[in-house]
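Each remark here refers to the structure printed beneath this line.
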Amino acid sequence: MAGNTGMEQLIPIVNKLQDAFTQLGVHMQLDLPQIAVVGGQSAGKSSVLENFVGKDFLPRGSGIVTRRPLILQLINSATEHAEFLHCKGKKFVDFDEVRKEIEAETDRVTGSNKGISNIPINLRVYSPNVLNLTLIDLPGLTKVPIGDQPVDIEAQIKAMIFQFIRRENCLILAVTPANTDLANSDALKLAKEVDPQGVRTIGVITKLDLMDDGTDARDILENKLLPLRRGYIGVVNRSQKDIEGRKDIKNALAAERKFFLSHPSYRHLADRLGTPYLQRVLNQQLTNHIRDTLPALRDRLQKQLLTLEKDVEQYKHFRPDDPAIKTKAMLQSIQMYM
């Protein structure tokens, strides 16, 4: 599968930066160009991501299943396997093991009481079925605490989501099920708070096959209702029954294509709907977004490097009793609490 020709290396470059900053523990201190996936718990986020890969690999169940940001780096490759940044040198070829590792690594940091953490898990999936694409899967919004969850779990999740989507270089993939009122979409409400003009937001409408008889999402998909600069793309995910029955994702994608081609409200849009089209659009938009933001990003990195080099030079001649050093340290301490 080919992506944006001539610019294929832009996404891998940002992947390396993401990994480096995660390892240094400063992943939130630089505004990297990226796509964050946002939606309610039952919006179908997991199914969209699994359809890209063609494998079941994400935790499922009741309550919050994504409890740490998952930086999912999809890499087009002749062979198929997965690698975690925290499991150096280990290749996962069984995607059930990938799910178990996500669950274990999540529990290691957050505990098993459904708590959340903003420390990301970095996962690379190499496959001939994917385009180069990096997505950050964030916890789905929940309204009611379950079990030992803190009473303010909704506020905690919102705060984590805003940490990512408020950044100007972050595109927002807002996932909304078609069988709910668009005006009440959790994803679009959050996106609108940080992107009121809809410039950075890409709408994804799931569950188009579950709408009531006599209704459709044509006006939404034609960008006439709550318009976004980057528009909306519709997809059809596997049902819960399909997932539990381990329905093959390739068959599900064929059924999705057939649904759009045969539906009277969508057949005229069929070439601009569906999971393969969504993946192509995201690959193109992320590549273009990185290209557009790279000069400013390079300048910021160079300035930070110069600052670090100056600090290193100062420490070579460090004298704790120097009044100038003491004054600078005191001023920096005061600024931290202002």
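Computed from Cα atoms, the angle from the helix 323-336 axis to the main principal axis of the chain rounds to 30 degrees.
Which order do the peptides 301-311, 50-60, 167-177 take when ranked by the mean count of other beta-carbon atoms within 10 Å per residue, highest first? Walk me through the numbers before you get to the answer.
Working: 301-311: 10.3, 50-60: 20.0, 167-177: 22.2.
By packing density, highest mean first, the sequence is 167-177, 50-60, 301-311.
For Lys45, the lysines whose Cα falls under 23 Å of its own Cα, not counting residues fewer than eight places away in the same chain, are Lys55, Lys100, Lys114, Lys143, Lys158, Lys189, Lys192, Lys207, Lys241, Lys247, Lys250, Lys258.
Give, rounded to the nearest 20 debye, the magnitude of the charge dipole that segment 155-247 has about its Cα centre when Lys and Arg contribute +1 at Cβ and Asp and Glu contribute -1 at Cβ. Walk me through the numbers on the way to the answer.
Working: 15 positive and 13 negative charges, 93 e Å.
With only Lys, Arg, Asp and Glu charged at Cβ, the dipole is about 440 debye.
Residue separation times 0.36 nm, minus the C-alpha to C-alpha distance between Arg291 and Ser262: what's the value?
Numbers: separation 29, 0.36 × 29 = 10.44 nm, distance 3.79 nm.
Full extension of this stretch gives 6.7 nm more.
Dipole magnitude for the chain: computed about the Cα centre from +1 point charges on Lys and Arg Cβ and -1 point charges on Asp and Glu Cβ, it is near 460 debye.
Computed FRET efficiency, Cβ-Cβ of Gln302 and Val199, R0 22 Å: what is it to the nearest 0.05? Let's see the in-between values first.
Working: r = 27 Å, r/R0 = 1.23.
For R0 = 22 Å, the calculated efficiency reads 0.25.
The value of relative contact order for segment 208-277, using C-alpha pairs under 8 Å at least six residues apart, is 29 percent. Considering only Leu133, Asn118, Thr106, and ranking their Cα positions along the charge dipole of the chain that arises from unit charges at the beta-carbon of Lys, Arg, Asp and Glu, the one farthest toward the positive end is Leu133. Subtracting the Cα-Cα distance of Lys310 and Glu80 from their residue separation scaled by 0.36 nm leaves 78.3 nm. Placing dummy labels 7 Å off each Cα toward the beta-carbon, the span from Arg108 to Val144 is 3.4 nm.
Its alpha carbons considered, segment 34-116 gives a radius of gyration followed by a Dmax of 13.0, 39 Å. Judged by the mean number of other Cβ atoms found within 10 Å, the most tightly packed of the peptides 209-216, 42-49, 72-79 leads the ranking 42-49, 72-79, 209-216.
Semi-axes of the equivalent ellipsoid of the chain: what are they in whole Å, largest first, if each equals the square root of 5 times a C-alpha gyration tensor eigenvalue?
Details: eigenvalues 282, 96, 94 Å².
Each semi-axis is the square root of five times an eigenvalue, giving 38, 22, 22 Å.
Computed from the coordinates by the stated procedures, all read-outs in this text should not be read as laboratory data. These figures come from a predicted structure and were not determined experimentally. Cβ atoms come from the backbone with ideal geometry, glycine included; neighbour counts cover every protein chain shown.
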